[in-house]
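Each value in this text was obtained by applying a stated rule to the coordinates, not by laboratory testing. These numbers were taken from a predicted model, which means no experiment stands behind them. Virtual Cβ from ideal backbone geometry, glycine too; neighbours counted across all protein chains shown.
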Amino acid sequence: MNTQYSARAQTSSATKVNTFLRSVYNWMTIGLALTGFTAYTVSQSPTLLNIIYGNPIIQILLFVGVLGLVFFLSSRIQKLSASTATTLFVVYATLMGVLLSYVFIRYTGTSIVSTFFICALTFGSFSVYGMVTKRDLTSLGSFMFMGLIGIIIASVVNIFIGSSVITMLISYIGVIIFVGLTAYDTQKLKEMSLTMPGNATGAMVRKATIMGALTLYLDFINLFLMLLRIIGVSRD
């Protein structure tokens, strides 16, 4: 009897996790698609490119806007409605596409596509690992977060130094950091789905899904950019 109850409980938990993570991945995919479409569209418009890259103030405003949306969503998600959180995620993904339009100018289309598939395979592998492993990845996540702070500081310093060697070093370390964060964040989302109360409303679940999608979206985008610096082929 206890064995049957345990089996049913495990099946119910697995279904709960799979349903939640599937929704997270779906929204992450929507965000990536919006970013890619926007980036390509902007890159094909000389007028838009001139407006964005011909005016440093516009670039700063876009960058601040993107950062502001991440912090706003993260800190205010509990007080936002599900529809507002979803809209802000869509806006964020679109603005990221505007910022990343330079990718289609700097790198060849073939290298962008090949890097994307390599990134997707790498991301998928480590996300699956984070979902199925029995090992607690909390310590790994903390270590990777400290590494993330380190490469942010190094990147800011390198703006003034302009060293290509440091840029490549940051990229290689960045790949390691973001694959680690991918596994950690996936495990964290799995645990979130298991601890979510049974009486959670649809709005609560949607907001948790959006935050999960944003987290994995950031892991994917940053991993892609790091890989592109390493294996991307410049148009120059």
Query raised in the report: Which residues in segment 124-144 have a backbone N closer than 14 Å to a point placed 7 Å from the Cα of LEU194 along the Cα-to-Cβ line?
Result: 130-138
Query raised in the report: How big is the Kirkwood radius of segment 2-231, worked out from every pair of different alpha carbons and given in Å to one decimal?
Result: 19.1 Å
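Rounded to the nearest 20 Debye, what is the dipole magnitude of the chain about its Cα centre when Lys and Arg each give +1 and Asp and Glu each give -1 at the C-beta? List each step's numbers first, then the result.
Working: 14 positive and 5 negative charges, 106 e Å.
For the chain, the charge dipole is close to 520 debye.
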Query raised in the report: Comparing SER23, SER45, SER155, which has the greatest mean-square fluctuation in the GNM of the chain with Cα pairs linked when under 10 Å apart?
Result: SER45
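Among SER171, SER127, SER83, SER234, which comes first, then next, by fewest other beta-carbon atoms within 10 Å? Could you put the intermediate results ahead of the total?
Working: SER171 17, SER127 23, SER83 11, SER234 8.
Ordered by Cβ neighbours within 10 Å, fewest first: SER234, SER83, SER171, SER127.
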Report task. Please report TYR107, TYR217, TYR172, TYR40 as a ranked list, fewest other C-beta atoms within 10 angstrom at the top and most at the bottom. Result -> TYR172, TYR40, TYR107, TYR217
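Set the Förster radius R0 to 22 Å, insert the Cβ-Cβ distance between TYR129 and VAL205 as r into 1/(1 + (r/R0)^6), and round the FRET efficiency to 0.05. Write out the running numbers ahead of the final one.
Values: r = 25 Å, r/R0 = 1.13.
Given R0 = 22 Å and the Cβ-Cβ separation, E is 0.30.
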Report task. Would you count, across the chain, every pair of lysines whose alpha carbons are under 22 angstrom apart, provided the pair is eight or more residues apart or spans two chains? Result -> 10
Report summary line: In a Gaussian network model of the chain with springs linking alpha carbons closer than 10 Å, the residue among ILE77, ILE51, ILE173 that fluctuates most is ILE51
Query raised in the report: If R0 is 45 Å, what FRET efficiency do you get for THR47 and LEU121 from their C-beta distance, rounded to 0.05?
Result: 0.80
Query raised in the report: If you take the Cα Rg of segment 191-236 and divide it by 2.2 N^0.38 Å, with N the number of residues, what do you get?
Result: 1.82
Query raised in the report: Taking amide hydrogens as modeled 1.01 Å from N in the peptide plane, which residues meet the under 5 Å criterion relative to TYR107, leaving out close sequence neighbours?
Result: ARG235
Report task. Pop a pseudo-label 7 angstrom from the Cα along the beta-carbon direction at both SER81 and ASN18 and give the gap in nm to one decimal. Result -> 3.4 nm
